[in-house]
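The values are calculated or read from the model by the stated rules, or taken from the named source; none is laboratory data. It should be emphasised that the depicted structure is a prediction, and the values quoted were computed from it without experimental measurement. All Cβ positions, glycine included, derive from the backbone under ideal geometry; neighbour counts span all protein chains shown.
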Amino acid sequence: MSPAPAPHPLLESLQGGDRRSIGKVDEVIVRVLREPALFDVLFTGMVSDDPVIRMRCADAAEKISRDHPQWLLAHQRLLLDTLALSRQPELRWHVAPMLVRLPLSDAEQARVVDILIGYLNDRSSIVKTLALQALHDLAACHPCWVPTARLHIQELTVTGTPAMKARGRKLLCSLDRMTQGKGSGAAH
């Protein structure tokens with residue numbers, strides 16, 4: 001039996017410590033922004049056996065995708081078919097916002113909504129809160145999902161933690177502004 005190949009140096013820089021720290025994520029982000037081909041390495045790390053590497057790679061990829069959502073396109077299948085199904089809360093934190101940055105077909109939108117609704121049952125309040133935000137963001141891009149997003153946001157605004165309730169109230173106000181703008185003939 002031959003030993004496993006050594007991890008990519010980028011992944012090695014994310015090893016060590018525990019899931020309560022981000023390690024060298026900020027340094028990795030700077031490096032990936034200088035060398036965009038390394039973005040693919042982050043997705044390799046997101047399926048690593050090491051939960052610390054998975055979390056830190058997801059953190060870096062999510063932060064980078066805020067400004068470069070098009071970089072996610074090459075990883076759409078992996079995000080939808082594998083990473084979104086992860087049970088690791090720290091991975092879900094970062095996958096939820098990335099899912100809604102993808103160019104989604106109608107069927108994929110429905111699938112993402114199902115995934116995010118599933119995240120609302122997670123034990124982690126952070127996962128739930130980020131799933132609420134992602135439902136809102138999806139509805140902002142695809143108004144057909146406003147009623148679904150509103151329903152789930154309202155529910156956690158009543159039953160969630162104080163942080164979820166506060167975020168939920170803000171998201172509901174935002175949904176109200178979106179739908180009022182549509183109803184009054186104002187440009188979106």
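Pairing residues of the stretch 152-166 that are in the same structural domain as Val127 (by TED's automatic domain parsing) with residues that are surrounded by fewer than 18 Cβ atoms within 10 Å (Cβ to Cβ) and of a type in the set (S, T, N, Q), at Cβ distances under 8 Å and at least 6 apart in sequence or on separate chains, gives Gly160/Ser125; Thr161/Ser125; Ala163/Ser125; Met164/Ser125. Of all residues in the stretch 141-167, those being in a helix (DSSP H, G or I), at pLDDT below 95 and buried (at least 17 other Cβ atoms within 10 Å of the Cβ) number 4. Candidates in the stretch 96-108 are the residues that are surrounded by fewer than 16 Cβ atoms within 10 Å (Cβ to Cβ) and in a helix (DSSP H, G or I); of these, the one that is nearest to the chain's Cα centre (by Cα) is Glu108. Here Ile126 fits the description: modelled with pLDDT under 95 and either closer than 21 Å to Met178 by Cα or in a helix (DSSP H, G or I) (or both). Take the conditions (1) at pLDDT below 95; (2) surrounded by fewer than 22 Cβ atoms within 10 Å (Cβ to Cβ); (3) more than 27 Å from Cys144 (Cβ to Cβ); Trp93 misses just one of them, which is (3). Screening the stretch 46-59 for residues that are over 11 Å from Leu91 (Cα atoms) and not hydroxyl-bearing (Ser, Thr, Tyr) and picking the one that is surrounded by the most Cβ atoms within 10 Å (Cβ to Cβ) gives Asp50.
Can you find a residue in the stretch 131-149 that is closer than 23 Å to Asp59 by Cα and in contact with an Asp or Glu (Cβ under 9 Å, 6 or more places away or on another chain)? Yes: one or more hits. Kindly evaluate Asp40 against the criterion of being out of contact with any Phe, Trp or Tyr (no Cβ under 6 Å at 6 or more places or on another chain), surrounded by fewer than 20 Cβ atoms within 10 Å (Cβ to Cβ) and not in a helix (DSSP H, G or I). Criteria not met by Asp40.
Looking only at residues in the stretch 16-49 that are of a type in the set (Asp, Glu) and at pLDDT below 90, the one that is nearest to Leu73 (Cα to Cα) is Asp26. For Arg111, state whether it is modelled with pLDDT of 95 or more, farther than 22 Å from Glu62 by Cβ and in a helix (DSSP H, G or I). No, not satisfied.
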